[in-house]
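S.K.: Before anything else, here's the structure in question.
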Amino acid sequence: MTEMRITDQLDDVERHVADKEHAHVVVLEKTFGEPADDLWRALTDPEHLSRWFGTVEGELRSGGGYRLAENGLEGSIRACEKPRHLALTWDEKGESESELAVVLTEGQSGTTLTLRHTLPDNEHWRAFGPAATGVGWDGALASLALFLRGDPRAEPGRMAQIHQTEEGREFIDSSAAAWESAHREAGAGEGEARAAARRTASFYRGEEQAG
């Protein structure tokens, strides 16, 4: 099997930004070749999650809660409807609580994963725009694609190392540029979208602190 470059995944993702009252919605959509049941297992089974996303603890069911062991981020699971719908709060105990929803739609060519992350309209958004969230989820979808191919580079530690390489920096810059375009299409001014995307890319490269 030919080794996949992580940057190859970026062209397969559709990105949109929408506004809600006092909030913004960052949307990613990608079609995988696997059936919905396999994709659902990769997204919800703790053992599978540890191999491409990170260690997840808690009661992984509707009405339960979860905690990401690596960074302590916590949230509540509002819906867990196998194999099509997952909804939860993100960073519930942090300063920027938000909402995350994942929908799986099975079709003839595979299963389309639609991720919607609803974020508050705050200073962080005005500084970094949709790229701050979008680049991270682009990275997660790339890891998921590697995992589904049985590629050991999906492991979170390996991916963290890759993001320090030239390929990783290219991924960050290309993802931020794609979110700059989505931001402009949603109505942001060209200068505003460019500044937010560049600031985000600098942060992910370790050159600037998020504030």
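S.K.: How large is ³J(HN,Hα), in whole Hz, for each residue of segment 175-187 in order, when computed from phi with the Karplus curve 6.51 cos²θ - 1.76 cosθ + 1.60 and θ = phi - 60°, using x for Gly and Pro?
M.R.: Residue by residue, segment 175-187 yields 5, 4, 5, 5, 6, 4, 5, 5, 5, 5, 5, 7, x Hz.
S.K.: Let me ask something else. Counting Lys and Arg as +1 and Asp and Glu as -1, each charge on the Cβ, what is the dipole of the chain about the Cα centre in debye, to the nearest 20?
M.R.: Magnitude of the dipole: close to 100 debye.
S.K.: Over segment 6-204, what is the relative contact order in percent, taking alpha-carbon pairs closer than 8 angstrom and at least six residues apart?
M.R.: RCO, segment 6-204: 23 percent.
S.K.: Continuing with this model, one more query. Skipping prolines and chain starts, which residues have an amide H placed within reach, meaning under 5 Å, of the one on Asp121, given they are 5 or more residues away or on another chain?
M.R.: The answer is Ala23, His24.
S.K.: Shape of segment 131-211 from its Cα gyration tensor (a ≥ b ≥ c, root eigenvalues): rounded if a/c is under 1.5, otherwise prolate when a/b > b/c, or oblate?
M.R.: Verdict is prolate for segment 131-211.
S.K.: What is the pair-distance distribution P(r) of the chain, computed from all Cα-Cα distances in 5 Å bins starting at 0, with each bin given as a whole percent?
M.R.: That works out to 1, 7, 15, 19, 21, 19, 12, 5, 1, 0, in percent per bin.
S.K.: Non-local amide H neighbours of Thr55 (under 5 Å, H modeled in plane, Pro and chain starts lacking H): which ones?
M.R.: Here the answer is Ala69, Glu70, since their amide H atoms fall under 5 Å of that of Thr55.
S.K.: Here is a follow-up. Give, as ranges by residue number, the residues of segment 1-42 whose backbone N falls under 20 Å from the point 7 Å along Cα→Cβ of Asp121.
M.R.: 16-27
S.K.: Tell me, what HN-Hα J-couplings in whole Hz come from the Karplus equation 6.51 cos²θ - 1.76 cosθ + 1.60 at θ = phi - 60° for each residue of segment 121-131, using x for Gly and Pro?
M.R.: 7, 9, 5, 4, 5, 5, 7, 10, x, x, 5
No value in this document is a laboratory result; all are computed from the given coordinates. What you see is a predicted model, and the numbers here were worked out from it, not measured in a lab. Virtual Cβ from ideal backbone geometry, glycine too; neighbours counted across all protein chains shown.
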